[in-house]
Amino acid sequence: MKFYLSIVLLALSGMFISCKDDIEGQYTVCSQVPISFVLEDYSATRGSSLSTISEFTVYAYDSDGKVFINGAQFYADGKSKNGKNYYWPTSGSLTFYAFTPTENANLSVNNNVLSYTVPMDNSEQIDLMTAKAENQTMSANGGVVKLSFAH
């Protein structure tokens, strides 16, 4: 009897400590399903191949346009560069925008819009690749977001 009581108490304590606030502090996330990314091979690109992508930057927005992930950087294996896990919200969907390379002075993101100003000097131009995954939910693909980078 004590064994069963211990299991029940352990499960209840896990429910109370499992909720987390995301990085923006706007959501209470209780799913405990981490958001992770996988890079899909996309044959339409002629420049950089997916094998050359070592990291990428992600922005995510909910269906109301509120920021959920604000420019976090991830490694090509889908793990966060800052070591933080990002968890799915318990309801609703997210739209993800990603780009690589991660840092460039000619690149900006404002209100869901990625802007890139092409430098006049050819030697300063980069091979910018972007990906978009719309209306993603926790239950789709076990919480993994598939990103197909293209030019």
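The values are calculated or read from the model by the stated rules, or taken from the named source; none is laboratory data. If you're wondering where the values come from, they're calculated on a predicted model, not measured in any experiment. Here Cβ is always computed from backbone atoms with ideal geometry, including for glycine, and neighbour counts include all displayed protein chains. Areas reflect the complete protein model, heavy atoms only, side chains present, ligands, DNA and RNA absent. Shrake-Rupley method; radii C 1.70, N 1.55, O 1.52, S 1.80 Å.
Keeping all protein chains in place, calculate the accessible area per residue for the stretch 87-130 (probe 1.4 angstrom), answer in Å². Before the final figure, lay out each step's value.
Numbers: 2550 Å² over 44 residues.
With the other protein chains kept in place, the stretch 87-130 gives 58 Å² per residue.
Can you send over the solvent-accessible area of Ser115, 1.4 Å probe, protein chains only, in Å² to the nearest 10?
Using a 1.4 Å probe on the heavy atoms, I get roughly 50 Å².
In nm, to one decimal, how far is the modelled label at Glu134 from the one at Tyr75, with both set 7 Å along Cα→Cβ?
3.3 nm
For the full complex of protein chains and a 1.4 angstrom probe, list Asp77, Asp64 by accessible area with the highest value first. Walk me through the numbers on the way to the answer.
Values: Asp77 100, Asp64 120 Å².
Most to least solvent-accessible, the answer reads Asp64, Asp77.
How do Glu40, Glu103, Glu55, Glu124 stack up against each other in accessible area, from largest to smallest, with a 1.4 angstrom probe? It would help to have the intermediate numbers written out before the result.
Details: Glu40 70, Glu103 140, Glu55 45, Glu124 105 Å².
So, going from the largest accessible area down, we get Glu103, Glu124, Glu40, Glu55.
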